[in-house]
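Data first, discussion second: the structure below is written as structure tokens.
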Amino acid sequence: AQLVDGVSRTFNEFLLLPNRTSRECTPGSVDLRTPLVRHAVGEPSEIELRTPFTSAIMQAVSSPELAIALAREGGLGFLHHNRPVEDQVSEVRAVKNFKAGFVISDTNVRPTDTLGHLRELMQETGHSTAAVTEDGTASGKFLGLVTSRDFHPQRHDPAALVSSRMLPLEKIAYSRADVGLSEANTRLWEERLDCLPTVDESGFLRHLVFRSDYTDNKRFPLQLVDAGKRLRVGAGVNTHDYRDRVPALVEAGADALCFDSSDGFSDWQAEALTWAKKHYPDVAIGGGNVVDGQAFTFLADAGADFVKVGVGGGSICITRDQKGIGRGQASAVLDVAAARDAYRDQTGQYVPICSDGGLVHDYHVALALAMGADFVMMGRYFARFDQAPGAKLPTRDGFVKEYWGEGSSRARNWQRYGQGSRGLLFEEGVDGFVPYAGDLHEGLATTIAKLKATMVSCGAIDLGAFQATARLTLVSDQSFQESHATVQVRETSGLG
Ligand code: MZP
């Protein structure tokens with residue numbers, strides 16, 4: 001055997017040093033746009049993400065609801081492939097056909113009629129949000145908002161309302177009973193949004209009466225009639241049935257595909273990529289997963305439009321225990337990023353890389369990006385949110401959501417964990433739970449706020465500058481201890 005240079009290191013072993021922060025460098029000026037697919041140096045990528053987040057190609061993570069919520073935040077959800085082609089296709093269609101909201105014309109709003117009318121319209125059109133306005137236009141006076149997801153005014157910041165999707169229809173009633181909403185909370189809502197909320201017995205929002213004219217869309221950025229615009233969605237594919245799956249997903253409108261394997265450094269993946277790029281040269285198709293520069297170059301040469309990095313670091317992953325294969329995620333990202341840059345210098349082609357798995361804390365996202373990742377993919381992180389498909393279960397201390405690996409017996413994703421037969425000979429993933437974290441919109445907003453704050457401390461207002469100028473330091477065990485609070489901490493303020 002040959003011993004490769006360097007130790008296998010992971011994100012916990014690094015910190016970023018602050019760089020000089022200029023006056024112009026503020027969280028408000030930070031731009032998180034990033035390329036998703038291969039492009040010539042000096043030209044823009046055909047697909048850019050507005051925020052560098054993608055959701056894992058996993059049954060427990062990327063439902064259409066999650067892909068919709070993430071696309072609305074500027075990221076991209078990848079629907080999983082461990083099922084019949086037609087099931088995946090119908091989920092791609094569900095995201096592509098999503099319409100953000102609409103205004104119904106009802107000058108004489110009679111609450112009970114309107115509700116029925118709304119319900120029918122929402123079912124017919126597939127919209128998730130409906131606004132009732134006095135004159136039926138987007139700029140008229142809003143009388144109410146009806147949405148299709150749970151929204152809890154006690155837990156949620158009123159400002160989050162502006163782009164959220166809230167109530168199950170059954171819970172809507174035009175009652176003015178103000179049950180369960182504290183006076184202070186009501187005042188907050190009135191002040192912040194100038195509206196009067198009413199809630200049902202369980203504290204869920206029932207109805208909002210807006211008391212101003214929201215003619216200024218900036219104050220009320222709900223996209224009411226967002227015509228012809230479609231959300232982006234990605235889809236995983238595998239090296240077994242790609243000749244059927246790729247054409248069907250392209251036809252359904254998937255914006256980006258990704259060959260998804262626990263070990264992408266294989267002839268099968270190169271062959272599949274070559275086939276896909278030959279038949280669908282204009283479709284964005286990524287590959288992976290890899291952990292070193294040699295494997296990156298192999299997939300880039302085979303035509304990959306982006307390459308995913310990470311073996312064995314996932315929160316549900318036991319590949320390293322089972323097979324002794326993998327590499328610390330920080331070392332893997334640093335090595336692959338160097339190969340990506342060398343490939344760029346040699347070929348004039350920039351092939352973005354994605355740090356996939358093993359991001360445990362929000363600051364790990366910043367580290368992955370600073371180390372050279374163009375975007376990240378996360379499973380555990382997204383599995384915690386309402387929009388993820390896992391069941392939400394009560395525990396003594398709150399709620400948890402189910403989260404299981406693609407290599408677990410539950411998922412049985414033999415296409416990803418091919419061990420030489422159809423079916424799994426042994427598990428490479430576990431089946432478990434993650435703490436419930438509420439709505440994606442709000443959770444991701446906090447993560448983005450932290451990422452921007454880190455970038456500002458490092459003096460960078462875009463990801464290119466962040467990668468180019470970030471300074472990393474290794475931490476010793478002792479300094480790792482020092483990073484944490486060393487006093488007994490009071491009940492938290494509730495800030496994540
Ligand atoms: P994490 O964000 O939960 O730490 O990791 C998610 C990533 O772990 C996925 O995107 C995928 O690359 C990988 N994964 C999914 N299932 C397994 C498994 O069962 C796994 N071993 O390692």
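All but one of (1) more than 30 Å from residue 345 (Cβ to Cβ); (2) of a type in the set (Gly, Ala, Ser); (3) assigned by TED's automatic domain parsing to the domain that holds residue 449 hold for residue 1; which doesn't? It fails just one condition, (3).
Taken over the stretch 455-468, the residue count meeting the criterion of being part of a helix (DSSP H, G or I), surrounded by fewer than 22 Cβ atoms within 10 Å (Cβ to Cβ) and in contact with a strand residue (DSSP E or B) (Cβ under 7 Å, 6 or more places away or on another chain) is 0. Every condition in (1) within 22 Å of the chain's Cα centre (by Cα); (2) free of Cβ contacts under 8 Å to residues at least 60 places away in the same chain holds for residue 43 except the one numbered (1).
Residue count for the stretch 325-336 under the criterion of being more than 13 Å from the ligand (Cβ to nearest atom) and within 21 Å of the chain's Cα centre (by Cα): the result is 2. Tell me, please, whether a residue that is away from the ligand (no atom under 14 Å from the Cβ), at pLDDT below 95, in contact with a helix residue (DSSP H, G or I) (Cβ under 7 Å, 6 or more places away or on another chain) and part of a loop (DSSP other than H, G, I, E, B) can be found in the stretch 391-408. No, every residue in the stretch 391-408 fails to be away from the ligand (no atom under 14 Å from the Cβ), at pLDDT below 95, in contact with a helix residue (DSSP H, G or I) (Cβ under 7 Å, 6 or more places away or on another chain) and part of a loop (DSSP other than H, G, I, E, B).
Among the residues of the stretch 236-263, the ones that are free of Cβ contacts under 8 Å to residues at least 60 places away in the same chain and within 18 Å of the chain's Cα centre (by Cα) come to 1 in all.
One residue stands out among those in the stretch 405-426 that are surrounded by fewer than 19 Cβ atoms within 10 Å (Cβ to Cβ) and closer than 24 Å to residue 360 by Cα: the one that is nearest to the chain's Cα centre (by Cα), which is 410. For the condition part of a loop (DSSP other than H, G, I, E, B) and within 15 Å of the ligand (Cβ to nearest atom), residue 365 does not qualify. Does the stretch 337-354 contain at least one residue that is over 19 Å from residue 298 (Cα atoms) and more than 16 Å from the ligand (Cβ to nearest atom)? The answer is no, given that none of the residues of the stretch 337-354 is over 19 Å from residue 298 (Cα atoms) and more than 16 Å from the ligand (Cβ to nearest atom).
Summed over the stretch 318-355, the residues that are crowded, with 20+ Cβ neighbours inside 10 Å and at pLDDT below 95 give a count of 1.
A residue that is assigned by TED's automatic domain parsing to the domain that holds residue 470, over 14 Å from the mean Cα position of the chain (by Cα) and closer than 19 Å to residue 354 by Cβ occurs somewhere in the stretch 47-70. Are any residues in the stretch 265-278 assigned to a loop (DSSP other than H, G, I, E, B) and in contact with a helix residue (DSSP H, G or I) (Cβ under 6 Å, 6 or more places away or on another chain), and if so, which ones? Result: 265, single match.
The set of residues in the stretch 419-434 being more than 10 Å from the ligand (Cβ to nearest atom) and among the charged types (D, E, K, R) consists of 422 alone.
The values are calculated or read from the model by the stated rules, or taken from the named source; none is laboratory data. A quick note: this is a predicted structure, and the numbers were derived from the prediction, not measured. Backbone-built Cβ (ideal geometry, glycine too); neighbour counts: all protein chains shown.
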